[in-house]
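The values are calculated or read from the model by the stated rules, or taken from the named source; none is laboratory data. Since we're looking at a predicted model, the values are computed, not measured. Cβ placement follows ideal geometry from the backbone for every residue including glycine, while neighbour counts extend to all protein chains displayed. Accessible surface areas use protein heavy atoms only, side chains included; no ligands, DNA or RNA. Shrake-Rupley method; radii C 1.70, N 1.55, O 1.52, S 1.80 Å.
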Amino acid sequence: MGPAYAGMTWISPHLRGCHASSRRGTCAKYTIVQLLHASAISNQPATVGTMQGGTQVTDDRAMERNAMDECASDRAMDAGTSTRAVVMGAGQGKAIWFLGNLMVLKATAASTNGAYGLLESWVRAGASPPLHVHHREDETFWILEGSVTVRCGEETFEAGAGSYVFLPRGVPHTFRVNGEAPAHMLTMLSPGGGEAFFVEGGRPAESATFPPPSAPDLARLERVAHEFGSEFVGPPLPASGAR
């Protein structure tokens, strides 16, 4: 256990099963560019009417249809349901520094009608978060580049580039990045909401790089984790080759 986590008390919750799958192949490299926070799409009402001899003639039926469409859109928004497609391009998203790593928020509960949250992450070589549990969400990893060792419940397995890992809620899990290169991965939490933990527990990235090394504020992380239905229950995985 690293010295940063030495003062924490671990709880052993009930353990359940996990699984992973992988495929051979290469993944296209993603270039980290200037990260932009995607703005909301403005809702511009359509122009209603026709032009006859330079004079606009109002179509009452078209106005009525337009008003009904706007009401339906308002009701959807009030119900927390989006009726629009969401497109997030490469390099777009809210960039976060979290536990020494770079994360980019690609999708939230608000943008997916509550279905899931999605983050793109670059995780330092050797990094491992404390063993933890999500009580509200399942967590899924898709490893784009690099190699990680994953612990879920009483199982430990290897996941390389192209691997898919599903970690059910209520089961303690963690991972460690192997080798000397960072891991590049996608993390999905379903249903959505848990992605906000990384926003609240981290801080806005000042550049599209890893943050300067610093000790984690464990008391703050534990408090934020509790707010989002998660808890730390054990130490990180030991360094590769350690006993």
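Values as computed for the structure displayed
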quantity	calculated
Rounded, prolate or oblate (a/c below 1.5 giving rounded, otherwise prolate when a/b exceeds b/c) for the range 140-243 by Cα gyration tensor	rounded
Carbon plus sulfur fraction of accessible area for the range 166-223, probe 1.4 Å, in percent	58
Dipole moment magnitude, nearest 20 debye, the range 86-144 about Cα centre, only Lys, Arg, Asp, Glu C-beta charged	160
Total formal charge among the other residues, if their Cβ is under 14 angstrom from that of Gly192, Lys/Arg +1 and Asp/Glu -1	-1
List Leu144, Leu99, Leu237, ordered by accessible area with a 1.4 Å probe, largest first	Leu99, Leu237, Leu144
Approximate spin-label separation Ala125-Phe210, in nm, with each point projected 7 Å along Cα-to-Cβ	0.9
For His134, net neighbour charge (Lys/Arg +1, Asp/Glu -1) across residues whose Cβ lies under 12 Å away	-3
Calculated FRET value between Arg220 and Val87, using beta carbons and R₀ = 25 Å, to 0.05	0.15
